[in-house]
Each structure stands twice: as structure tokens, then as C-alpha cells.
Amino acid sequence: MTATHPVKVHTGIRVTMRDGVELNVRITRPDAPGRFPGVMEYHPYRRLAAALPNYRDEYPPVVPYLAEHGYAVFVADMFGEGNGPVGTEDPLEFLKPFMADVATMRRRIAAGLDTLTREADRRAIGYINRRAAIGFCFGGLNVLDLARTGADVAAVVSMHGTLATPEPAKRGEIKAAVLAVHGAADPIAPKAERDAFEAEMTAAGARWALLTFGDVVHAFTDPQANHAGVAVYNEPATRHGYALAHAFIADAFAGRL
């Protein structure tokens, strides 16, 4: 798909949680007048602390991709200011306490969505009733949990995210259309987890889809991922995954799902 908009980036937006943790939020949007549909992007484990001079160099690159195609994209730091990884940790060990405290993380995830809505309206750049979410890795779990809370969003897209949860959705709780894009050889969320996810979505009565790329492992959208058998960048899977995510979100906003 051809890019249609230059992009503008807003930084330095803060939201304070009830427990005092401060979340850092960034907006990437079309550099054009008017309002745009809002997409909340929940970040992966490895996330840049500050915007780069060239927004195209950021990971995940789906943020500028979506902004170029007409969306106001909000990126929220779910770890809290000063609590993010420095790059030397074991990712699974670092994420364990965040993943274990489901209630706290779901409150933070909801706060990110509230920030999208409030800032989109205050800055007159987004529609408060046209919202979606996309997430990668840990952020993929975040958007699925957002859907599990019954959030009023049109769609959520999880890219190589954790699919399992100790608190699955109950029948009728999920309002959003749900898309998960995954690698068949991903050891972080293997087939048993995918099967459990499918069963959960079906039991909840959700509108859902799962696209699985054969022989693709974890973190396939990350150009720096190069851990054989665990996490490896895959350009075709990234390209097709982004195109499907864009089409899925657009169809959800248009009421075609």
C-alpha cells in the first residue's frame, strides 16, 4: 500500500497511575489537519526510551506505517517511567512480575487507552469513538488483555504476542474483533498455547482470526532479532502481517467484521 501522509511525532506526554507510576506516551500521526482514527500501540519488551531523529528507524516500524496510512498512533510505556529494561536482562525473567500481576497490568493497559481517547480529543487529532489497538510480543499480550476486559475498541491485533492468560474471557465479554499473527515455530507461545487461545476466543463468542506463518519463530517483525530457533526477523512475514493488520483494522472501523 502506498503511503499517503507525511508524519508528525509528539513526545513528552505523561499519565500518572493511581499507584503513582507514571506512564510515558508518544503520538505519531499524519502531518495534516483534521481528525484520524486512533490506534494504541502496546510496545514489545525491547523498546526505545526516546524518539529517534528519524521516526522510520524506530521499532516496531508499524507505527509510522499506520500513521502514513491515516491513523493517529499512540505508544504507551506499560512498564512505567524508569522501570523499563536496559537490555541486559533475561526477557522472560524481567516480564514475569508484570505478567503475573494481571489486575495491575490490565489497569495500566486501560489507562493507555484512556490517554489515547483524552489526548486525541484534546488535540483534535483523533476520533474518540474510532479506536483500535496493536501490540508486539509483550504488547501483543497487552492488546489481548485489553479485549478481555471488554474495552470498547473496534479491533485488536497481536503480533507474535503471548496468547495464554490465567484469566480467560467469559462468554460475551469481548467486544473487539481480534486478530493474532503468529509464527508456527515460536517457542514462546507454542501450539498448545495457540490451541488454548482458539478455544478461549470461541468460548467467549469473539470475532477472531489467527494467522500462523510456517517455520517462523518469535519476534519476526524485529529487524535486530537474530537468535536462531527462538527469535529471528522474517521480512515476508512482517510485510504480510502489517498489510493484514492494516486491512483488519480498516474493516473493523468500517463494520465489515
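Every number in this text was worked out from the coordinates using simple rules, so none of it is lab data. Computed from a prediction, not measured in an experiment: that's the story for all the values here. Heads up, the Cβs are rebuilt from the backbone with ideal geometry, glycines too, and the neighbour counts pull from every protein chain shown.
Numbers at a glance
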quantity: Which of THR221, THR165 has the fewest Cβ neighbours within 10 Å, and the rest in rising order; calculated: THR165, THR221
quantity: Inter-site label distance for ILE128 and VAL102 at 7 Å from Cα along Cβ, in nm; calculated: 3.1 nm
quantity: FRET efficiency estimate (nearest 0.05) - Cβ-Cβ, ARG14 to HIS227, R0 41 angstrom; calculated: 0.75
quantity: As computed over region 79-234, the Cα convex hull volume per residue (Å³); calculated: 124 Å³
quantity: Entries in LYS96/LYS191; LYS170/LYS191; LYS96/LYS175 that, when Cα-Cα distance is taken, lie over 26 Å; calculated: LYS96/LYS175
quantity: Separation of the LEU244 and ARG207 label points, Cα + 7 Å toward Cβ, nm; calculated: 1.8 nm
quantity: Residues ARG256, ARG194 arranged by fewest to most Cβ contacts within 10 Å; calculated: ARG256, ARG194
quantity: Prolate/oblate/rounded call for region 167-257, Cα gyration tensor, a/c under 1.5 rounded; calculated: oblate
